[in-house]
Each structure stands twice: as C-alpha cells, then as structure tokens.
1. Please work out which one of (1) under 25 Å from D150 (Cα atoms); (2) modelled with pLDDT under 95 is the condition T244 fails and give its number.
2. Is it the case that D174 is in contact (Cβ under 8 Å) with a residue 12 or more places away in the chain, acidic (D, E) and either more than 28 Å from L335 (Cα to Cα) or crowded, with 20+ Cβ neighbours inside 10 Å (or both)?
3. Among N215, N206, which is the only one that is crowded, with 22+ Cβ neighbours inside 10 Å and at pLDDT below 95?
4. Just to check your reading of the model, which residue among Y385, Y334 is surrounded by 17 or more Cβ atoms within 10 Å (Cβ to Cβ), outside any strand (DSSP E or B), at negative phi and under 33 Å from the mean Cα position of the chain (by Cα)?
5. Of the residues E66, E138, E126, E169, which is surrounded by fewer than 17 Cβ atoms within 10 Å (Cβ to Cβ), modelled with pLDDT of 95 or more and within 30 Å of E186 (Cα to Cα)?
6. Determine, yes or no, whether A22 is under 32 Å from the mean Cα position of the chain (by Cα), closer than 22 Å to K208 by Cβ and among the hydrophobic types (A, V, I, L, M, F, W, C).
7. Being part of a strand (DSSP E or B) and β-branched (V, I, T) is the filter; apply it to the stretch 190-209 and report the residue that is nearest to N24 (Cα to Cα).
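The values are calculated or read from the model by the stated rules, or taken from the named source; none is laboratory data. Just so it is clear, the model here is predicted, and its values are computed rather than measured. A quick note on method: Cβ atoms are made from the backbone with ideal geometry, for glycine too, and the neighbour counts reach across all protein chains shown.
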Amino acid sequence: MDTDVSFRAAKDDLSNAVAWVARNLPSKVTQPVLRAMLLTADETGLELSGFDYEVSTRVRIPAEIENPGVVAVAGKLLADIVGNLPNKPVDVRVEEGKALVACGSSRFELPLIPLDDYPQLPTLPEVTGSINPQLFVEAVSQVAAAAGKDDTLPMLTGVDLKIEGSRMELTATDRFRLALRTVEWEPASPDVTAKLLVPAKTLQDNAKSLDTHLNTPVDIAVGSGDNIGADGLFGMHTDSRETTTRMLDAEFPNVAPLLPKTHTAIATIEVGPLQEALRRVALLTERNSQVRMHFSDGQVVLAAGGSDSGNAQEAVPCAFSGRDELIIAFNPSYLKDGLAVMHADRVMFGFTEPSRPAIIIPAPEELPEVDEDGNFPTPDTNFTYLLMPVRLPG
C-alpha cells in the first residue's frame, strides 16, 4: 500500500463512481477487508474497484494525479461521505496512515484498510457480444422478478441465459411463475452458443445501474469459442465500467414442457383498468392467498375475501373466447408482478384448465383463431409470463 497517494477529482464523477462500486460491496462480512474500496491512481486517471469473491466492479474516471499509488478505505462509508459533499473538487490525500478527504471547507479522516489479504480482482473474460442497453435493461427487469430467493434451491435463484447466434433467451422461475424473454443481440461470432446461469439479483442490480441514456452498447463477456463460460464468470462492460459475477454452479430446470402450445380459452384486457381493479380487490385477500377471476363474454369479475375479512369484487371489460365461462384464481402479488412488466397497454391471457398454468403475453395485433379442435394456438411473442393458479376452495 502506498503511503503518499494524492489526487483531485470532480465531485460528480467521484460521487457516481464510488456509489456504483459501493452498491455491490457487502454490508456484513466475515473478512473486514472485503468492505474495502480500492482507489488506484495512475497516469491515466483514477480507478475505483471492489470485490467480495462473488461480484467485482471497476470504474475509471478522470482525475488530477499528484502522487500515484493504491489505497483502500471502507467503501460504503466513502460513498456516503462523497455523496454529501458540496459540488466542488474533491481532494484525497494519504497522510500518517489515514485518507484525508477535503472538499470546500469539509474535512474527513478515514482509516486505511490493509490490503495484505485482499483477493486478486478477476480479469474480465473475452467479450462474447454486445446488446443495446435499453433492450438489456428491459429484458432483465421482465425476467428477474420471477426468480426464486431460496438459497437451498440455487438453480431457481438465477436467470437462465441461452445464446444461439444473434438470439438471446432469458428465463427465470420460482416454481409458482415463470418469465421468458427473447431479444436480438450482436454476437462477436455468428455461430456462438452458450447456456449460462447468472444470479438474478446481481444481474438485476447491474442492469439497473446502466445509464440507458448514453445508448452505449453493453458488452457481455463470457469468453469465446470452446472457452465460453469456462472460468465461471459473467462479465459486463460499458463505457468506463466493468463488472464480473460468479455464475451459479447448478442446472436450470427444463421449463419448455410447461409452456402450452394451445389454449382452450383466451382473453384480452386493458392493463391499466385490470391493475386498478386488482389493487382494490386484493385489499381483502387473506394472507395474500388468492384473487378469483371469473371470465365470461365481455367481462372478467375479480373477487376476493373470506369469512373473516369480508368480500370484494369488481368487473373489468374484456374480450373472452372459449367453450365455456372460466373461473380461475391467482396469487395477487404474482399477478401484479406479471402485469407490471408487460410493457403493453393490453394483454392476452391463455388458459387450458383452471388447475393448469395460464400464460400472459402482450396482446398481439391479430388474435389467434380457433382451430378445428376448438383450441387457440399460442401467438408468436418475445415475452411470456406463465402463472400457476391457486386451488379454488370447495
């Protein structure tokens, strides 16, 4: 560790950089050194980085370097301090084993963290391809919410990312719902194939931190050729930032058989009115158990409640086609989650039986026509949200 490091950086540049690195640093650690944020000052500027064995982050910003070197301080504390400084240049200097942070008339002293036991930051794998940032953020936000949070089932806590040439497919499930999104991207090699399992929470956090206004492509880095995924790292790089995440060593379940190819009934509904009615009716769900949906010609009636909580119901206009009226029940939170990520004004429900999973997709311009067996084929779509029903009482 260098004892005479000193540099000056613009407050906004430094604040954005330390906040981005700090968000991935652990709050509770078994090794105090993992709280550290490394500040590396060299002739090209200032690099800030962090690593907890699972997730690594690096960002480079311009800075006036007086004395180059590497030091480390508590990352989240530094982010809190810099985020509250006045909008003036920030000077950082190491003196007598402490980092001195000065901005305007503000002065802070932070103890240095020894780096003797700090782990070596991983190297970003070779870039596999790139994707539009808005598209990537949208796809991750639609899928990641369906991932599980039970660490005893690690295969369900990730997003299954399947790459075949220019097609990327993202899938997640927690056994109660499933989300699947397909996107087009720019692979470095046209015949690239890969199947990766990336922790959903980390992927979602990284996607949220992307600046979609820059329109700078996001590089996905997991290697190339026969080495794709070989080092177990999922890397992302954009502009001056890069991050790596250790992928899950688990087998994602085969979910293809869950997705119905035909439906005995379909319904299309405006998303806004359905969300409003669901929000009101769900106030009377007992322990978030279920909202019943009664589909008939021209409307769906939402109902909830029980002997202790009272009852609520509300009708919403919808276009329904099927052999008979249909009553099905869903967990209201899971239904709300699905509607929230549709990114469409109108959705289509596809049903087989009240006890079987239903799908929700953005409503297509042309609805499927009933076939000779009385079934409706699933339309082509780039996003599918599959939802397990809740058993109806009685």
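1. It is condition (2) that T244 fails.
2. Details: in contact (Cβ under 8 Å) with a residue 12 or more places away in the chain: yes; acidic (D, E): yes; either more than 28 Å from L335 (Cα to Cα) or crowded, with 20+ Cβ neighbours inside 10 Å (or both): no.
It is false that D174 is in contact (Cβ under 8 Å) with a residue 12 or more places away in the chain, acidic (D, E) and either more than 28 Å from L335 (Cα to Cα) or crowded, with 20+ Cβ neighbours inside 10 Å (or both).
3. Working: N215 fails: crowded, with 22+ Cβ neighbours inside 10 Å.
Criteria check complete, one pass: N206.
4. On the way: Y385 fails: outside any strand (DSSP E or B).
Step by step, each of Y385, Y334 is checked, and only Y334 is surrounded by 17 or more Cβ atoms within 10 Å (Cβ to Cβ), outside any strand (DSSP E or B), at negative phi and under 33 Å from the mean Cα position of the chain (by Cα).
5. Of the residues listed, the single one that is surrounded by fewer than 17 Cβ atoms within 10 Å (Cβ to Cβ), modelled with pLDDT of 95 or more and within 30 Å of E186 (Cα to Cα) is E126.
6. On the way: under 32 Å from the mean Cα position of the chain (by Cα): yes; closer than 22 Å to K208 by Cβ: yes; among the hydrophobic types (A, V, I, L, M, F, W, C): yes.
Taking the combined requirement at face value, the residue satisfies it.
7. Our first condition is that a residue be part of a strand (DSSP E or B); within the stretch 190-209, this holds for 193-199.
Filter once more, so that each one left must be β-branched (V, I, T): 193, 198.
On the way: T193: 29, V198: 15 Å.
For the stretch 190-209, the residue satisfying everything is V198.
Yes/no matrix, rows are residues, columns are (1) surrounded by 18 or more Cβ atoms within 10 Å (Cβ to Cβ); (2) among the hydroxyl-bearing types (S, T, Y); (3) not assigned by TED's automatic domain parsing to the domain that holds E372:
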residue	(1), (2), (3)
F252	yes, no, yes
T268	no, yes, no
P273	no, no, no
R280	no, no, no
R287	no, no, no
M293	yes, no, no
D297	no, no, no
V301	no, no, no
G306	no, no, no
